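The values are calculated or read from the model by the stated rules, or taken from the named source; none is laboratory data. Everything numeric here is computed off the predicted structure, so don't read it as measured data. Here the Cβ positions follow ideal geometry from the backbone for every residue, glycine too, while neighbour counts run over all protein chains shown. Calculation scope for accessible area: heavy atoms of the full protein, side chains included, ligands and nucleic acids excluded. Shrake-Rupley method; radii C 1.70, N 1.55, O 1.52, S 1.80 Å.
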Amino acid sequence: MKKKVLIAILIIIVIAIVVVGYFVFSDMMQEDKLKTELSELQQLVNTENIDMDAINSRLDRTVTTGDYALVENAFKSYLRDNFDNSIQIAEILNDEKITTLLTVENYESDGKDFTESKEYITNTRETLEDCKNKYTEFFTEDKAMSYINSKGLDSYYIDLYRNELMGDMDLASQDTTVQDSIDEVISILNTSEEVLNLLSENQDAWEIEGENIVFNSDSLSNKYDELINSL
């Protein structure tokens, strides 16, 4: 009887070891898949010639399961939101309309009240300021961790997310090139608005002759030139 009990105990122990070993091995495989996926995604994002199709393909898929999938999806959600905001910034900074606001063509098509141009300046400036705030926020630990903190995961997975996402991210010394570019464009928009306000408030003092704007007031002409030269 004792021998049978001992055999049964040994069988239970062996089964327990096999089960535990399976789950440990499975976890190791999941973690390796996660780290590989996120590492390859980071490489795609950091390349000089970004392949948006390849990035979106990675962001749209989930290669892990269970708690690792929650970590993976949190990581990818953070990257997608950050990336979408950056794309919006790039599209505005490269919008050719900004460079045509103070052209004779625009003076003729939208003058002399410049209602459409002023509305465009207001909306674009507000969008840029919002994008700039979001861009800066994305590089704070609070924002980065907000994507995982609500998942109800234990500290191991939260630390895994932190290490994978922020392991190489120096939050204290982010490049300010993007913010500086936004500020520069906002400054251009502000000056453009001043010029258009000057023209709309003095509609009887200027005309378009050929490819030039001509003023009948030296003081107004000087003020216009001063603003244009400040760009």
Each label sits 7 Å from Cα toward the beta-carbon; between R61 and I87 the label points are separated, in nm, by 1.9
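Give me the compactness ratio for segment 37-129, meaning the Cα radius of gyration over 2.2 N^0.38 Å.
1.61
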Solvent exposure, largest accessible area first (probe 1.4 Å, DNA, RNA and ligands not counted), of T127, T176
T176, T127
Cα centroid separation, segment 198-217 to segment 86-139 (Å)
23
Any idea which of I182, T140, N163 is furthest toward the positive side of the dipole for segment 75-202, if Lys and Arg beta-carbons carry +1 and Asp and Glu beta-carbons -1?
N163
Between V104 and D130, what is the spin-label point distance in nm, taking each point 7 Å from the Cα along the Cα→C-beta axis?
3.8
Find how much the distance from S217 to T36 grows on full extension, using 0.36 nm per residue of separation minus their present alpha carbon separation; answer in nm with one decimal.
58.3 nm
Of all the C-alpha pairs in segment 72-231, what % are more than 23 Å from each other?
53
What is the set of long-range amide H partners of V63 at a cut-off below 5 Å, with H atoms built 1.01 Å from backbone N?
none
Shape metrics for segment 177-231, restricted to C-alpha atoms - Rg then Dmax, Å:
13.5, 42
Given points 7 Å out from each Cα along the Cα-Cβ axis, report the D53 to N73 separation in nanometres with one decimal.
2.7
